[in-house]
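Notes for the one structure printed next.
The values are calculated or read from the model by the stated rules, or taken from the named source; none is laboratory data. Only a predicted model underlies this, so the values are computations on that prediction, with no experimental measurement involved. Virtual Cβ from ideal backbone geometry, glycine too; neighbours counted across all protein chains shown. The area values use the complete protein model at the heavy-atom level, side chains included, leaving out ligands, DNA and RNA. Shrake-Rupley method; radii C 1.70, N 1.55, O 1.52, S 1.80 Å.
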Amino acid sequence: MSLLAIDMGSSNCKAIAFSEHGTALAHATCSYSSSSPFPSWAEMEAEKFWQAFQTLTRTISAAVTHDPVESLAVSSHGETFVPVDSQGHTVAPAILNLDNRAVGEANWLADKLGRRRLFEITGLAVHPMYPLPKILWLRGHKPSVFSSMARFLALPDYLLTRLGVPAYIDYSLASRFLAFDIRKQTWSKEILSACELTPEQFPEPVPAGTVAGTMPAKIAFDLGLRSGTPVVVGGHDQPCGALGCGVVEPGRVAASFGTYECLVAASETPAAIDRALPGNLNSYCHVVPERYVTLAYFPSGIMIEWFLRLIYSVEELAVPASVSEHCDALETNASPEPTGLCITPHLSGTCNPDFDPFATGVIAGLRPSTNRSDLYKGILEGIACEFAIAIELLQPVTGASVEIYAHGGGGRSRLGLKLRASLANLPIHLMHCPEAVCLGTAMLAGVAIGKYRNLADAVAQVVKVAETIVPDHALAESYKSQMERYRVLYSSLAPFRRAQEVCN
C-alpha cells in the first residue's frame, strides 16, 4: 500500500507515491502555463490544474499496482485562488500568486485597517499578491462577474470539489489569504467586515491532515484509484516541506531551494510583531498542530534559469541531465577566487525585507575579462549573499543557534551549497528525500489513516539526513568585502527603484 502526495505549483506539479517508510515508489510531473493578458496579471483556467492533477494521478496509480494508493493528500503553493459560483463551477480564471494587479486595493487595506493591525491578525505584511486585495479588485473592476462569485477557493480546495468531497482548507493555506486570524484559526470578522465580505464566501478551515471525505466510485475509477479512497486535506507547500524536513520544533530551519528560496522556522507561537514586522517576515499556522512557521524568502533559481536560457539554446536545455552538465562545466571553469561581481537575483522584484515589486536584477562589477563562468559563479555568490541576509532577518525570531535542513532541486550545485553554508556560517543538512514537500504531504495522509501515531512518529520513521555541508571559514573570510559590497549595492539602488516606480 502507498501514500500519494500531489504538490501543485504555479507552473508545474508533481506527484509521488511513498511507502509508509518514506521510500518513493513512483514519481510523475506535469507542467502548465499561465497567461498575462495585461501587465502584472497572471491567470490560468482552473481546468488546466484539474487536467494536470488527473494526468499525475493516473500515471502514479498505473505505476503502483502492487502497492495501490491507500490515501492521498494535496499540497499547493499559496495565494492562487479560484472564484466559483454557488454550484461550485468556475466563473473566472484562477488568479495566480504571481499576479500583482491589486496594488491599489492592498494600499486601501493598509490605510483602512493599518499595516500593524493586519499583521497582528494575519501574520502577513500587506501585499497585492494575496487573494484578499485581488478579490476587492474583482469587485471594483468586474462587478458583473463578481456578482456571480459565491466562494473563493484555494487551489487544493477547488481540486477537492472535483474529487467529490467538501472544499475544506487547512489553516496554513487559509493563512495566505490576508483574511485569516492565525491565533483564533478562523476567518477574521474584523477584516472581512471592513471589506464587506463574509466567512461564507471562503472555504471552511480545518487542521491539515483532516480527512475531507472518501472518493466516489466513478471519480476513483476514472483516476485509477479504489472506490472510497480517503482524500486528506494537505497544506501550504512551505510548511509541508518543513514537515518533510522534520522542522516541527524551534531550533530547526527548513530551506527550500528552487525558483525562489524560502527559509521556514517552526515555533510554538507566532513571531512577535516587533521582531517580524521590520523584516516583513511572514508568521502563520504550520501544518503541525499547535505550531507556527515564520518565513523569509527571496528569488534565486529564477536568475539561474534566466542566465542558462540566455547562453544556451532551447534544445540544449531540453534534457535535465544536459542542464546539470552545463552547470557543472560552468562551475569547473570558474575561478576559485571570488569573482568580484555583485549580482542581485531580483528579476521579479524583491521579497524580504522590503517586498519591492519595482526592484530588478542588477549585475555590477563587469570587466572586459568577465566570461560566462564568472557570471554563473557571480549569480551563485549573489544567491549566497541573499541567503545569509535572510538568515539574519530570521535570527530575531529563531535565535542564532539554528541548523538548516535543505530540500529542493535548486540545491544541486555543490559550489552554491558551500557558499551558502560559509556566508551564513551555518551547517546545511541535505535531506535523504529532496522532495520534502511531497514527503510532508504524504506524512499528513499517513497520520490521517493511522499509518503513524502522530506527526512526531512519522518524522521519526521517514525523515533522514543524507549529508551535511559545513561552513568553510576561510572561504567566508575571502568573501567578506564582496558581501559588504553586495549590501551597499542594494541600498544604493533605492533612488533608482523610486524613479522607476514613478515611471511605471
- prompt: Per-residue HN-Hα couplings for segment 17-30, Karplus 6.51 cos²θ - 1.76 cosθ + 1.60 at θ = phi - 60°, whole Hz, x for Gly and Pro?
  reply: 9, 10, 6, 5, 8, x, 7, 6, 9, 7, 9, 8, 9, 8
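Note down the Stokes-Einstein diffusion coefficient of segment 105-259 in µm²/s, whole number, using a Kirkwood radius over alpha carbon pairs, 20 °C, and 1.002 mPa s. Working shown, then result.
On the way: Rh = 17.2 Å.
For the chosen part, D equals 125 µm²/s.
With +1 assigned to the C-beta of every Lys and Arg and -1 to the C-beta of every Asp and Glu, and no other charges, what is the dipole magnitude of segment 66-136 about the Cα centre in debye, to the nearest 20? Don't jump to the answer; show the numbers that get you there.
Values: 6 positive and 8 negative charges, 101 e Å.
The dipole magnitude comes to about 480 debye.
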query: What percent of all Cα-Cα pairs in segment 238-388 falls in each 10 Å bin, counting up from 0?
result: 11, 33, 30, 19, 7, 0
- prompt: Which listed residue (Ala26, Leu430, Ser86) has the Cα farthest towards the positive end of the charge dipole for the chain, taking +1 on Lys and Arg C-beta and -1 on Asp and Glu C-beta about the Cα centre?
  reply: Ser86
task: Name the long-range amide H neighbours of Asn282: under 5 Å, sequence gap of 5 or more, or other chain; modelled H, no Pro or chain starts.
output: Leu295
message: Counting each pair of different Cα atoms once, what's the Kirkwood radius of segment 301-431 in Å, rounded to one decimal?
response: 15.8 Å
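Could you do me a favour and compute the accessible area per residue for the chain, 1.4 Å probe, result in Å²?
Working: 20130 Å² over 504 residues.
With the other protein chains kept in place, the chain gives 40 Å² per residue.
Just the Kirkwood number for segment 184-277, please: inverse of mean 1/r across all distinct Cα pairs, in Å, one decimal.
16.9 Å
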query: What list of ³J(HN,Hα) values in whole Hz, one per residue of segment 367-384 in order, does the Karplus curve 6.51 cos²θ - 1.76 cosθ + 1.60 (θ = phi - 60°) give from phi, with Gly and Pro shown as x?
result: 10, x, 7, 5, 10, 5, 5, 4, 5, 4, 5, x, 5, 4, 5, x, 5, 5
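Between Ser369 and Val319, what length in nm is gained on full extension when 0.36 nm per residue of separation is reduced by their alpha carbon distance? Don't skip to the answer; put the middle values down first.
Details: separation 50, 0.36 × 50 = 18.00 nm, distance 3.06 nm.
Residue separation times 0.36 nm, minus the Cα-Cα distance, leaves 14.9 nm.
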message: Counting C-alpha atoms alone, how compact is segment 63-192: give Rg to one decimal and Dmax as a whole number, in angstrom.
response: 16.1, 58
- prompt: Which lysines have a Cα less than 29 Å from the Cα of Lys418, not counting those fewer than 8 places away in the same chain?
  reply: Lys14, Lys377, Lys464, Lys480
- prompt: Considering only protein heavy atoms and a 1.4 Å probe, what is the carbon-and-sulfur percentage of the accessible area of the chain?
  reply: 53 percent
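Beyond 16 Å, what share of the Cα-Cα pairs of segment 85-139 remains, rounded to the nearest whole percent? Don't jump to the answer; show the numbers that get you there.
Numbers: 681 of 1485 pairs.
Counting every Cα pair in segment 85-139, those more than 16 Å apart make up 46 percent.
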field: Test item: Cα-centred dipole of segment 187-250, Lys/Arg +1 and Asp/Glu -1 on Cβ, debye
entry: 340 debye
- request: Enter the per residue convex hull volume of segment 1-146, computed from alpha-carbon coordinates, in Å³ rounded to the nearest integer.
  value: 138 Å³
message: On a straight-distance basis, which lysines could pair with Lys142 in a cross-link, Cα separation under 26 angstrom, same-chain partners fewer than 8 positions away excluded?
response: Lys48, Lys112, Lys134, Lys189
For the chain, with +1 on Lys and Arg beta carbons and -1 on Asp and Glu, the positive-most of Asn12, Met149, Ala52 along the dipole: Met149
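In the chain, what percentage of the DSSP-assigned beta bridges are antiparallel, given to the nearest 5?
Details: 51 of 74 bridges.
Bridges in the chain are about 70 percent antiparallel.
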Inter-label distance, nm, simple model (7 Å from Cα along the C-beta direction), Arg412/His89: 4.4 nm
query: Which order do His21, His236 take by accessible area at a 1.4 Å probe, largest first?
result: His21, His236
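How about segment 188-268: which trypsin sites (Lys or Arg not before Pro) there lie in a loop by DSSP and see at most 16 other Cβ atoms within 10 Å? Before the final figure, lay out the partial values.
On the way: sites: Lys189, Lys218, Arg226, Arg252; in loops: Arg226.
Sparse-neighbourhood loop trypsin sites (Lys or Arg not before Pro): Arg226.
When Lys and Arg each count +1 and Asp and Glu each count -1, what net charge do the other residues less than 11 Å away from Ala42, Cβ to Cβ, add up to? Walk me through the intermediate numbers first.
Numbers: positive: Arg101, Lys134; negative: Glu43, Glu79, Asp99.
Once positives and negatives cancel, what remains is -1.
Please report, in debye to the nearest 20, how large the charge dipole of segment 112-231 is about its Cα centre when each Lys and Arg carries +1 at its beta carbon and each Asp and Glu carries -1 there. Kindly include the intermediate steps, with their values, before the conclusion.
On the way: 15 positive and 9 negative charges, 65 e Å.
In total the dipole reaches around 320 debye.
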- request: Please work out the C-alpha center-to-center distance from segment 1-53 to segment 87-161 and express it in whole Å.
  value: 22 Å
field: Karplus 3J(HN,Hα) series, Hz, for segment 431-438 with 6.51 cos²θ - 1.76 cosθ + 1.60 (x for Gly, Pro)
entry: 6, 4, 9, x, 8, 5, 4, 5
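In the neighborhood of Asp222, defined by Cβ-to-Cβ distances under 14 Å, what is the net charge if each Lys or Arg adds +1 and each Asp or Glu adds -1? Don't skip to the end; give the middle numbers.
Details: positive: Arg58, Arg162, Lys218, Arg226; negative: none.
With Lys, Arg at +1 and Asp, Glu at -1, the net is +4.
Beyond 42 Å, what share of the Cα-Cα pairs of the chain remains, rounded to the nearest whole percent? If you can, show how the numbers build up before the last one.
On the way: 18217 of 126756 pairs.
The calculated P(r) of the chain puts 14 percent of pairs beyond 42 Å.
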query: Using the Cβ atoms and a cut-off under 11 Å, what net charge is assigned to the surroundings of Gly340, where Lys and Arg are +1 and Asp and Glu are -1?
result: 0
- prompt: Between Ala26 and residues 5 or more places away or on another chain, which pairs have amide H atoms under 5 Å apart, with H built 1.01 Å from N, and which residues are they?
  reply: Ala17
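For segment 53-199, what does the relative contact order come out to in percent, with C-alpha contacts under 8 Å and a separation of six or more?
Numbers: 186 pairs, mean separation 37.0, N = 147.
Normalised by residue count, the contact order of segment 53-199 is 25 percent.
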field: Which of Tyr405, Ser283, Ala255, positive extreme of dipole for the chain (C-beta unit charges)
entry: Ser283
message: What is the distance in Å between the Cα centroid of segment 426-445 and that of segment 245-273?
response: 12 Å
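For the chain, what is the calculated [θ] at 222 nm in deg cm²/dmol (nearest 500), taking -39500 (n - 2.57) for each run of four or more DSSP H residues and dividing by its residue count?
Working: 20 runs with 202 residues, N = 504.
Helices in the chain give a 222 nm mean residue ellipticity of -12000 deg cm²/dmol.
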- line: Once amide hydrogens are built 1.01 Å from N within the peptide plane, the residues lying 5 or more places from Gly213 or on another chain with amide H under 5 Å from its amide H are Val231
query: What fraction of the Cα pairs in segment 34-102, stated in percent, has a spacing above 17 angstrom?
result: 55 percent
